[in-house]
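The next block holds one structure in the form of structure tokens; read it before the comments.
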């Protein structure tokens, strides 16, 4: 009886070995028939959103898990000081603009006419002072008048002549208008004021935080009333368009892959569901197999990173989710260009 039992046990062992070998060969034949199986994880880009300014957070308009669109307003800062700074910069621009306009316009006709009238008045005074001095000089020689009075009259005549020359120069300046250097200096001051205004307006615009692309709010990190800086993120946004699987291919299978080849993605979370996709990127450099990838190959073997884009219309795939990529070697044609653009657009 013992020998019979041993023989029966040996028969079971042999049958199990034969079944295992048969199953392995069948699986190898199935893989060789047109599918290449790769292993990796779902990858999604993330961005930390922060304000480009230091103010107090006024409002937060989205919650964690909310889906946002490109350009959607997410949060705002207190803007009273920023608005006052813009108003002050606008007033400075207006002031400098008027200064430049006045210089470019030159002297007004009324100013020139006044300068001419001043010249005529000064000429009359100079002529009168000259006549007075001439009379007093003659009288002084005849001892009919003191020499002091004659000297005073001469000084008055010289002063009147100098005053005439001064008002004549003022007339010339009025007719010539402002100097070119003064106009250029005023123009430069206006440009500086405009640059300051542009900066103040940019600071005011930066008090509003917008979504850079469609995605899902992963983390809401701050609440209204918090002080923020450019180094303080307010949200973490998951950019789930596109979604891809970061997988790895062994060096021996590298020649079987080309960008655009169709693929099928499977996950443990949804074992009865597969997602269509295609190979979008093959790394030009080799690396060691990462520990996070479960394969039947030796982990120290060199592999190449592959990026398989996935169509995930129901947003079921999550960052880091283990995934299996099955590449169809019998259908290497890329997907329709419209599907590619809709899935790979950020």
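General remarks:
- Residue, farthest from residue 322 (Cα to Cα), within segment 267-281, restricted to residues that are touching a strand residue (DSSP E or B) at 6+ places or on another chain (Cβ under 9 Å) and surrounded by fewer than 16 Cβ atoms within 10 Å (Cβ to Cβ): 281
- Against the list (1) in contact with a strand residue (DSSP E or B) (Cβ under 6 Å, 6 or more places away or on another chain); (2) closer than 30 Å to residue 41 by Cβ, the condition residue 228 fails is (2).
- Residues that are in contact with a helix residue (DSSP H, G or I) (Cβ under 6 Å, 6 or more places away or on another chain), surrounded by 15 or more Cβ atoms within 10 Å (Cβ to Cβ) and at pLDDT below 90 number at least 1 in the following strands (runs of 3 or more DSSP E) confined to segment 149-256: 235-250.
- Condition broken by residue 124, with the remaining ones in (1) farther than 28 Å from residue 188 by Cα; (2) buried (at least 16 other Cβ atoms within 10 Å of the Cβ) satisfied: (2)
- When residues in segment 103-138 are screened for being without any contact (Cβ under 8 Å) to a residue 40 or more places away in the chain and either closer than 14 Å to residue 183 by Cβ or in contact with a strand residue (DSSP E or B) (Cβ under 9 Å, 6 or more places away or on another chain) (or both), 1 of them pass.
Yes/no matrix, rows are residues, columns are (1) more than 30 Å from residue 161 (Cβ to Cβ); (2) surrounded by fewer than 14 Cβ atoms within 10 Å (Cβ to Cβ):
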| residue | (1), (2) |
| --- | --- |
| 77 | yes, no |
| 91 | yes, yes |
| 94 | yes, yes |
| 99 | yes, no |
| 106 | no, no |
| 110 | no, yes |
| 129 | no, no |
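- If you go through segment 53-79 and keep only what is touching a helix residue (DSSP H, G or I) at 6+ places or on another chain (Cβ under 8 Å) and part of a loop (DSSP other than H, G, I, E, B), you end up with 53, 79.
- Filtered residues of segment 184-198 (kept if closer than 28 Å to residue 75 by Cα and without any contact (Cβ under 8 Å) to a residue 40 or more places away in the chain): 195, 198
The values are calculated or read from the model by the stated rules, or taken from the named source; none is laboratory data. Only a predicted model underlies this, so the values are computations on that prediction, with no experimental measurement involved. With ideal geometry, Cβ positions are generated from the backbone for all residues, glycine too; neighbour counts draw on all protein chains shown.
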